[in-house]
1. Tell me, what is the percent relative contact order of the stretch 221-321, built from C-alpha pairs under 8 Å that lie six or more residues apart?
2. Please work out the ratio of the alpha-carbon Rg of the stretch 124-185 to 2.2 N^0.38 Å and round it to two decimals.
3. Go from 0 up to the bin containing the longest alpha carbon distance in the stretch 65-118, width 10 Å each, and give me the % of pairs per bin.
4. Just tell me which lysines come within less than 28 Å, Cα to Cα, of Lys214; anything on the same chain fewer than 8 places away is out.
5. What per residue convex hull volume, in Å³, do the alpha-carbon atoms of the stretch 233-345 yield?
6. Taking 7 Å along the Cα-to-C-beta vector as the label spot, tell me the Ala163-Val89 distance in nanometres, rounded to one decimal.
7. Which whole-number percent is the relative contact order of the chain (Cα, under 8 Å, 6+ apart)?
8. So how tilted is helix 406-422 from the main axis of the chain? Cα-based, degrees 0 to 90, rounded to 10.
Amino acid sequence: MLNNPRSHGLWEKTAPAAPMAGPLDGDVTADVIIVGGGYTGLSSALHLAEAGTRVVLLEAQEFGFGGAGRNVGLINGGMWVMPDDIPGVLGPVHGERTLELLGGAPLAVRTLVAKHEIACEIETNGTLHLAVGADGLTELEARAKQWQARGAPVRLLSAEETASRVGSHAYAGALFDPRAGTLQPLAYARGLARTAIRAGARLHTGSAVIATEKSGDSWIVRTSTGSVTAQWIIVATDAYSTGPWEQVRTEQLHLPYFNFATVPLGDNLRQSVLPNCEGCWDTKEILSSFRMDKAGRLVFGSVGALRNTGAGIHRNWARRSLKKLFPQLGDIAFEAEWYGKIGMTADAVPRFHKFDRNVVGFSGYNGRGIAPGTVFGQTLARHILGEISEDALPLPITAPKDQKFRTARELYYEMGAQAAHFAGNRF
Ligand SMILES: Cc1cc2nc3c(=O)[nH]c(=O)nc-3n(C[C@H](O)[C@H](O)[C@H](O)COP(=O)(O)OP(=O)(O)OC[C@H]3O[C@@H](n4cnc5c(N)ncnc54)[C@H](O)[C@@H]3O)c2cc1C
């Protein structure tokens, strides 16, 4: 994308082609304008179009240009915040609603992918949250109890079972979540776009929204090549937000996260490394993640940006760490490398913003946007269709609030990750 191999990496190499779409041309009218072609915007577009609504989606670059085309591909249930802490952050009513919605979100993704036959390498064998040391295990025991009290089918695995599923003895145990899984993230975004177009939505790429204004009861949004007039605007621009809703981005702290993809593993190695293809991440503060793609490439990532000195430091760290975690891989070569910006909110929970009358959006998924973006996008569609009132939405309305010292703190995280990986902090 944009001829930058470090933006979307492996996903760009292996995703099916994007559906045909081009810039908005001229002045058009619709019922709903959607700004942003990631999971949130595309899921809204699909669900609104299926209900017969006239939808125009405007994407500044290409479908999946933002987080949707760069992420690890872990389809998670829930957030980083411990389940019991979410009602404390969001209030008891919204907290329980959000937990219920997000707990069921991976199933919503599976159902959508199956219904529309979206080719996105979906794996439904669950995820493993891996315990590093005794502290990691204590955290996962608490997480397991809290989810189980809510009826979630999660299970704590012993160190031995973890080792046999992962193919490494590095972990003290794992929390297995059978609701979750993995997919090819850019393929999922492009598949949603194709499905939304088939359902009747009008999708435009290369169409950055640069201005918006009121016109009586309607809204007009403008790009450099045209305008759309409609009753509603959905703002689905999240961490890559530009233009009139830049605050969606400035209320988040951007955490850089990179991935390296190995060449495909041979049959013998595939039997020992993640033979069931669960998606994995660990309990460390500077966490690592890994997963298989369909062809047997191991995708290994952690916090950091692959630019300037970071590229070499993180690449060397990834080589050392993989060797330590999976000695059986030997000196395996990397086939792709890329990184992106994870948008973190101040309290690590997502946001629902009502920017003005009939201008709404969800954002701020804190590195957990595949399943949440899908169900929050659908929720926006149902809200506009009158099926869910404002009072019944999963999140309370909040006003965007810029994070203090954002730029300095982002630099601190980028440099801190480099320092930790340079100092030899392994896997
Ligand atoms: C490196 C990385 C790893 C991650 N790992 C995971 C993971 O394993 N699992 C998981 O669930 N989540 C993960 N995430 C988070 C996930 O990718 C995001 O939460 C998700 O993509 C958010 O979806 P979205 O549709 O809201 O926003 P995005 O996917 O970011 O899409 C927003 C779109 O809006 C467009 N846009 C912005 N401004 C304008 C404008 N003015 N006009 C028109 N269009 C505009 C952008 O170009 C962009 O395409 C990760 C993110 C990153 C970066």
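1. Details: 109 pairs, mean separation 22.6, N = 101.
This gives 22 percent for the stretch 221-321.
2. 1.10
3. Per 10 Å bin, starting at zero, the Cα-Cα P(r) for the stretch 65-118 comes out as 22, 39, 31, 8 percent.
4. By straight Cα distance, Lys214 reaches Lys354, Lys401.
5. Details: hull volume 15.8 nm³, N = 113.
About 140 Å³ per residue, rounded to a whole number.
6. 3.5 nm
7. On the way: 987 pairs, mean separation 104.7, N = 427.
It rounds to 25 percent for the chain.
8. Taking Cα atoms only, the helix is inclined about 20 degrees.
FYI, it's all coordinate maths here, none of it is from the lab. Since the structure is predicted, the reported quantities are computational estimates derived from the model, not experimental observations. Note: ideal-geometry Cβ built from the backbone for every residue, glycine included; neighbour counts use all protein chains shown.
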